[in-house]
Amino acid sequence: MKIADKKTTATELVKTALKKAKEYADYNIFTFIDEDGALKRAAEIDAAIARGEKVGKLAGVPYALKDNFLSPRGETTASAHILQGFKSPITATAVAKLEAEGAIMIGRTNLDAFAHGSSTENSYFGPTHNAVDFERVAGGSSGGSAVAVALDIVEFATGTDTGGSIRQPASFNGVYGLKPTYGCISRYGVVAMASSTDCIGFFSKTPEDMDLLMSIASGQDPKDMTTLPDYYSEAPRGSLSKLRIGVIKEFDNESVDADIRKALKEKCETLKKKGYEIVELEMPALKYALAAYYIIVPAEVASNLSRYDGVRYGFRSKESENLNDLYLNTRSEGFMPENKRRIMIGNFVLSSGFYDAYFLKAAKARTLIVQEYEKAFLKCDFILTPVSPNPAFKLGEKVNDPVAMYLEDLMSVSLNLAGVPGLAIPAGKTNSGLPVGLQLVGPRRSDKKLIEFSKELI
Ligand code: GLN
């Protein structure tokens with residue numbers, strides 16, 4: 001490690017990161033930059049090193065925090081008006097673990113409000129710009145985090161992935177993005193979107209960094225009942241020889257960008273040359289994934305967002321004459337249109353008249369999708385697919401067309417419904433120079449081997 005070797009100092013690293021963050025201010029990456037807090041933390045680490053004390057595995061490493069992770073440093077807003085002014089009294093478990101190893105948060109990053117979206121255009125703070133093409137979207141919802149890593153402002157950034165929010169922005173900006181197995185990293189202290197599909201993960205520049213971050217952040221947490229007993233750090237790396245890699249037949253069609261299909265074919269050729277077997281998979285149940293996702297997720301969203309009432313957190317409307325008005329006005333003024341759309345859809349699909357027709361059907365489709373992945377992993381070890389049907393699109397292109405925006409998630413949401421891990425990897429560029437991302441999908445708890453295997457695709 002550079003710092004422990006005294007080649008540089010935490011203060012130097014943090015100063016450089018802060019300088020870059022300012023240089024790229026136009027990209028609208030950060031909702032908050034904590035210059036004083038970061039420099040103070042860096043000085044403490046430098047002093048500890050000078051005293052000869054043992055420092056953590058991430059000592060002095062600057063990172064960016066998606067603004068839906070709770071920490072007392074700055075307001076936690078989830079890029080939503082309704083959370084403006086909210087200072088968290090607690091720290092998310094993932095943040096506490098990173099910081100215990102010496103990582104230094106320089107700022108909080110922009111997202112689609114409450115992580116609802118695929119472009120970071122649904123943010124109360126306005127959109128984040130793509131790292132490679134300023135006229136294009138960053139992807140979402142973790143757009144700020146992806147761009148902060150892609151522009152080399154920080155070494156890594158945190159993200160949340162409910163239906164693609166780490167993998168899609170990673171692929172739009174040419175970095176690594178991991179959605180781990182559901183339950184691998186504690187969700188305690190992270191603003192909930194859809195509790196049965198929310199996953200905490202990271203953006204990094206290399207698979208090695210991803211592995212280190214995972215070994216630090218994963219593990220059981222008594223504060224999150226859905227966390228799995230720690231399997232990550234104990235997982236044997238396993239042999240990579242003779243692995244079979246599946247490609248999904250249903251994803252190979254005209255609706256997928258030609259350059260992305262080409263990148264996938266090229267990577268398959270590379271793997272074949274290295275002696276891996278490519279297996280074609282038919283996964284017909286995946287065609288239900290998007291519809292099931294956009295019923296189950298809004299249902300959970302409607303429930304999770306009911307706590308924002310103007311009394312307990314952040315913003316409160318000034319206009320109200322009575323309690324009902326206070327709820328109504330605060331929620332009407334405080335939520336973004338996409339948040340409201342999901343609350344309405346969610347309450348509709350859960351209502352007694354429509355529960356059987358929508359929510360229950362979607363829950364059954366989800367079971368089929370879980371089984372589809374189980375069957376697929378009898379035939380292959382990992383699956384390689386595009387992350388999204390297209391590379392980064394133009395700002396404004398889809399923001400007024402919710403269905404077009406939802407279609408962005410066609411290839412990402414089934415993993416969340418099934419709870420399986422997915423790693424977005426950079427896989428070259430389109431003809432016009434935009435980053436192309438592919439995702440490696442594995443069975444539950446295969447995260448470590450998945451990261452290891454991704455090195456074969458560099
Ligand atoms: N784009 C998806 C959605 O809007 C996923 C969002 C996410 O993963 N947070 O629901």
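Packing here is the average count of other Cβ atoms within 10 Å per residue, and on that basis the peptides 256-262, 177-183, highest first, run 177-183, 256-262.
Translational diffusion coefficient, Stokes-Einstein: compute it for the chain using the Kirkwood radius over C-alpha pairs as Rh, at 20 °C and 1.002 mPa s, and state it as an integer in µm² s⁻¹. D = 97 µm²/s. Listed values for segment 242-249 are Karplus-derived 3J(HN,Hα) couplings in whole Hz (6.51 cos²θ - 1.76 cosθ + 1.60, θ = phi - 60°), namely 6, 5, 9, 10, x, 10, 8, 4, and x replaces Gly and Pro.
Heavy atoms of the protein chains alone define the surface here; on that basis segment 128-236 has 25 Å² accessible area per residue at 1.4 Å probe size. The alpha carbon centroids of segment 422-458 and segment 171-202 are separated by 16 Å. For segment 22-106, the solvent-accessible area works out to 40 Å² per residue, with a probe of 1.4 Å and every protein chain left in place. Amide hydrogen proximity for residue 84: with H placed 1.01 Å from N in the peptide plane, the residues at 5 or more positions away or on another chain lying under 5 Å are 315. Around the amide H of residue 395, modelled in the peptide plane, lie the amide H atoms of 136, 137, all under 5 Å away and 5 or more residues distant in sequence or on another chain.
Phi-derived couplings, Karplus 6.51 cos²θ - 1.76 cosθ + 1.60 at θ = phi - 60°, listed residue by residue for segment 430-442: 6, 4, 8, x, 8, x, 10, x, 10, 10, 9, 10, x Hz, with x used for Gly and Pro. Remark: the residue 26-residue 324 segment gains 103.3 nm on full extension, using 0.36 nm per residue and subtracting the alpha carbon distance. With the simple model of a label 7 Å out from the Cα in the direction of the Cβ, residue 407 to residue 279 spans 3.2 nm. Taken about its Cα centre, the chain carries a charge dipole of about 780 debye when Lys and Arg each add +1 at the Cβ and Asp and Glu each add -1 at the Cβ.
Computed in the context of the full set of protein chains, the accessible area of segment 225-296 at 1.4 Å probe radius has 55% of its extent on carbon or sulfur. Beyond 22 Å in Cα-Cα separation lie the following of the pairs 179/223; 249/361; 22/57; 242/455; 242/375; 429/455: 249/361; 22/57.
If you roll a 1.4 Å probe over segment 68-194 with all protein chains in place, what percent of the accessible area is carbon or sulfur? That fraction is 52 percent.
The distance between label points at residue 370 and residue 226 comes to 1.2 nm (points 7 Å beyond Cα on the Cα→Cβ vector). Whole-percent P(r), segment 315-420, all Cα pairs, 5 Å bins from 0: 2, 9, 12, 14, 16, 14, 13, 10, 5, 3, 2, 1, 0.
The helix-based estimate of mean residue ellipticity at 222 nm for the chain, built from -39,500 (n - 2.57) per DSSP H run of four or more residues and divided by its residue count, is -11000 deg cm²/dmol to the nearest 500. Only Cα pairs under 8 Å and 6+ residues apart enter the sum, and on that basis the relative contact order of the chain stands at 18 percent. Computed from the C-beta positions of residue 35 and residue 134 and an R0 of 25 Å, the FRET efficiency is 0.50 to the nearest 0.05.
Based on alpha carbons, the Rg and Dmax found for segment 375-422 are 13.8, 42 Å. Note that segment 366-458 presents 35 Å² accessible area per residue, ligands and nucleic acids not counted, probe 1.4 Å. Surface composition of segment 303-458: carbon and sulfur atoms hold 53% of the protein heavy-atom accessible area at a 1.4 Å probe.
The values are calculated or read from the model by the stated rules, or taken from the named source; none is laboratory data. Since we're looking at a predicted model, the values are computed, not measured. Counting neighbours? That spans all protein chains shown, and the Cβs are built from the backbone with ideal geometry, glycine included. Heavy atoms of the whole protein, side chains included, go into the accessibility calculation; ligands, DNA and RNA do not. Shrake-Rupley method; radii C 1.70, N 1.55, O 1.52, S 1.80 Å.
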